[in-house]
Amino acid sequence: MDRRLKLLLVAAIATSAGVLAAQQADTVQNPLASNPTAAMDGQRLFTQTCQTCHGPAAQGDRDRGGPALNTTTLAHGSTAADLFRDIRSGIPGTQMPPFARLSDEQIWQLVTYIQSLQGGAPAASTGRGSMAPIEGDPAAGEMVFFGKAACSNCHEVHARGGVVGPDLSTAGRLSPAALRQKIVSPNDPLPPAPGARGGGGGGRGGPPPATIVVKTQDGREIRGVRRNEDTFSLQMVDQTGQLHLFEKLKLASMTVENKSLMPDDYAKRLTPTDIANLVGYLQTQRERDLSKTIVQPIAGGVTYERLRNAKAEPQNWLMYWGDYHGTHYSPLTQINAGTASKLQPAWAFPNLGASVMEGTPLVVDGVMYATGSGNPLTVTAIDARSGRQIWRFTRQQKIVNPFEINPFSRGVALLGNRAFVGTLDGALLAIDTRTGQLIWEVQVADTMEGHSITSPPLVLKDMVITGVTGGEYATRGFLDAYDAATGKRRWRFYTIPGPGEFGNDTWKGDSWKNGGGPTWLTGTYDSDLNLVYWPVGNPSPEFDRTTRGEGDNLYSNSVVALEPETGKLKWYFQFTPNDGHDWDSVQDMMLVDRTWRGQNRKLLMHADRNGHFYVLDRTNGAFLSGSPFVYQNWNKGFDEKGRPQQVPGSNSSAEGSFLVYPTVGGGTNFQAPSYSPLTGSLYLAFSEGGAQYLSASQPIERGRQYVGRGRPTGAAPARGPNEPATNAGIKAIDPENGKTLWSFPIFQGSLTNGVLATAGNVVFASLRDGNIIALDAKTGKHLWHFQTGGNNGASPMSYAIDSKQYVALSAGNVIFSFALPD
């Protein structure tokens, strides 16, 4: 047994109320095995928690994907330790979630009940601790598997092979007899385990194999295996590994054959030695080996060329911003200003995370990929037409900073057949989009220092670029690039320059070491200029400027333009020098090609938390214009290079500023704005309000928040006669002059909600009060709204399947998808 698992389980048992562990030489025993009431308690828990997927007597439920548990031939281990681990942590790549909220004693009660259904049979011969002698020659068996027998056409081992049949990376947890039977008699169910009651055929033994045969209305016949099914939808994988998502009412026919797709003539085609060697090879596969999965190629799926030309696939939503330019715009037109009032819910997918979701799902060829927030991380593949789950990946944090904040995951990035996602404990993962299995994992940052990864990386060419959080801690921000195939780091760009680097002298003393400058929001990319544009957040500490001096504190509150192959800085532009307001510039860096003031320009447009809308020349970072889009009173104007002329007394201090607009939350924030090439307007959520900015000294403590914010000792500054009250809404901005074209007020202000403009001249907006609304893009007139019941904190997106347009939103803990009636 893995020593770490053994220590974990022993520690867990030792701390359970009244529970003692009886240990043998190299096994962890169920401490409640002899407790006469534990099985009954476990049965009650099983009925409440497990039977929906595994059946009322743990006999399995093929339709819901839950395997039989009343047998010792369990695919993921059958010992007490295996069962405890799988219940506590879940099984990545399957529909089995973690049950972290159950106490250790409750889990052991479940284990006791499950083992009672197995007749108390020992699992030593079939479980994780199996010591059965290896048959044949495993090396020769590997050649048979990938050669003569062609098993790899349907099965993978460590991500090598096909995805039609089960992953055999852990096949060695089955007994040699069970492995041999599945090879020579694939149409027979596995026999019941020794000592178990009843027979096979989906009862006490394993379920019988099945093949799905579908005939479509156009005469095609497709044979394959079921992935998921309900009354009206079917997910199946055909013999080539292609996933099909069907509406059953639109099929000509569908039949189920009690026969496996696996060839049934191996006993004739293979020699006894071949079969012995093949069994021997499979016996050696006990754990999925990431050192082997990492060498497998990124094939098929979403290519870099598809990402570059995302606008050519309006039916898909291929990346976080919709395209590399960050316009967050949909070219779909079926839902338009004339039809939006008829929108209705198409489906809802609940319970994606432990906290409010802020993510934007992606859709590729009818499959949606979405993340949940909180711990554990969940990544789920969903049939985007029906809302049925295809697979779910879960991962518990390996370490949790007790001072962790912002427990969010805003989505994934795609390349080939892999989905890339960051974790709250600072790791970057690559997941197989066909199976939900982990391919590789690399540690990017130390979460105990205050770092996390909360937004999707940017995938381009053959690399994955990711930023990190940490602006509320005593950290030094950076941006990393990793090889998409192997996870090997290629370069790192520090957002706070070190000694000898340009900009280091803008920091007082050694304050650069803890200077903040987080990079947590996804950047944008111009493939023609081959430049990556990444937003950089606030300096640290956020409010106590005395620690970092009166310099500009580069490159905080900036956009940096980097060469993607090397991470070399090409240019930068700083929006708020020496910021003491927490106006970090981690908002969308939108890239737009258009006629601007009479010239065709390659523009970078950015609405900053400091209350100004900026237009830059993205070829060189030159300042073109800056205009307030909300009321502001801290900046008297810009010089020719775009440097703000700060009003004295507007920055943070120990005495406190006057009432400064905008407030700490800023005029807008990180959730998506949108640009429509049809109207030429930029749309965003905004908030107006003021705050007094006070600073106070604060010692540095590892992993604790380091903000340096003071507390008011007297009455807050009064609002002046010409200063607005707090208000919020959705507005359209003319990039030519920064002026507001229209504004739609909302009841509950929030800057964690985004907007989506479409070619149907509709602007969809997510509101904190639970509504998703549709507005006329030209006038701001209300067209439609729907109350989701959630605490909304995400941005809408749109996709289409078979020419039918959908609009989807992560609302609270539910993904909603809306469409017009048929």
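The residues packed around G680, meaning those with a beta-carbon under 10 Å from its beta-carbon, carry a net charge of -1 if Lys and Arg are +1 and Asp and Glu are -1. The ellipsoid equivalent to the alpha-carbon distribution of segment 199-311 has semi-axes of 30, 27, 15 angstrom, derived from the gyration tensor eigenvalues as √(5λ) and listed largest first. For the chain, the carbon plus sulfur part of the accessible surface works out to 52%, probe radius 1.4 Å. Which of the lysines could a cross-linker span from K215 if the Cα-Cα distance has to be under 16 Å and same-chain partners fewer than 8 positions apart are dropped? Cross-link targets: K248, K250.
Taken about its Cα centre, the chain carries a charge dipole of about 820 debye when Lys and Arg each add +1 at the Cβ and Asp and Glu each add -1 at the Cβ.
Each label was represented as a point 7 Å from its Cα along the Cα-to-Cβ direction; for R286 and F747 these points are 6.0 nm apart. Beyond 23 Å, the tail of the calculated P(r) for segment 296-446 holds 40 percent of the Cα pairs.
In whole angstrom, note down how far apart the Cα centers of segment 693-727 and segment 422-449 are. Between the Cα centres of segment 693-727 and segment 422-449 lies a distance of 36 Å. The chain gives an Rg/Rh value of 1.00, both radii derived from C-alpha positions and Rh following Kirkwood.
Report summary: the helix-based calculation at 222 nm, which adds -39500 (n - 2.57) for every DSSP H run with n ≥ 4 and divides by the residues of the chain, gives -3500 deg cm²/dmol.
Sequence-distant contacts, meaning Cα pairs under 8 Å at least 6 residues apart, place the relative contact order of the chain at 10 percent.
Each peptide in 79-92, 396-409, 279-292 gets a packing score, the mean of other Cβ atoms within 10 Å over its residues, and the list from highest to lowest is 79-92, 279-292, 396-409. Estimated from the Cβ-Cβ distance and a Förster radius of 51 angstrom, the FRET efficiency linking K778 and V400 is about 0.60. Residues whose amide H comes within less than 5 Å of that of I439, counting only those at least five positions distant or on another chain, are A430, I431, D432 (H built at 1.01 Å from N in the peptide plane). Between D510 and N153, full extension at 0.36 nm per residue minus the direct alpha carbon distance yields a gain of 122.7 nm. Around the Cα centre of segment 244-352, unit charges on the Cβ atoms of Lys, Arg, Asp and Glu (plus for the first two, minus for the last two) sum to a dipole of about 180 debye. Between V559, A777, V295, the Cα set farthest toward the positive side of the dipole of the chain (charges on each charged residue's Cβ, about the Cα centre) is that of V295.
Of all lysines in the structure, those lying under 26 Å Cα to Cα from K148, and not within fewer than 8 positions of it along the same chain, are K182, K259, K268, K292.
For segment 686-822, compute the number of Lys pairs whose alpha carbons are separated by less than 18 Å, excluding pairs fewer than 8 positions apart on the same chain.
Numbers: K731/K739; K731/K778; K731/K781; K739/K778.
Lysine pairs, 8 or more places apart or on different chains, close enough: 4.
Sorting 610-623, 367-380 by average packing, meaning the other beta carbons within 10 Å per residue, from highest down gives 367-380, 610-623.
Residues of segment 456-488 with an amide N closer than 16 Å to a point placed 7 Å from the Cα of E305 along the Cα-to-Cβ direction: 461-462. If R0 is 35 Å, the Cβ-Cβ spacing of K488 and Q239 corresponds to a FRET efficiency of close to 0.50. For the pair R719 and L678 in one chain, pulling the backbone fully straight at 0.36 nm per residue adds 10.8 nm over the alpha carbon distance. Relative to the longest principal axis of the Cα atoms of the chain, the long axis of helix 104-117 makes an angle of roughly 30 degrees. Against the empirical curve 2.2 N^0.38 Å, the C-alpha radius of gyration of segment 374-480 lands at a ratio of 1.08. Taking the average, over residues, of other Cβ atoms within 10 Å as the packing measure, peptides 347-354, 429-436 rank 429-436, 347-354 from highest down.
The values are calculated or read from the model by the stated rules, or taken from the named source; none is laboratory data. If you're wondering where the values come from, they're calculated on a predicted model, not measured in any experiment. Virtual Cβ from ideal backbone geometry, glycine too; neighbours counted across all protein chains shown. For accessibility, only protein heavy atoms count, side chains too; no ligands or nucleic acids. Shrake-Rupley method; radii C 1.70, N 1.55, O 1.52, S 1.80 Å.
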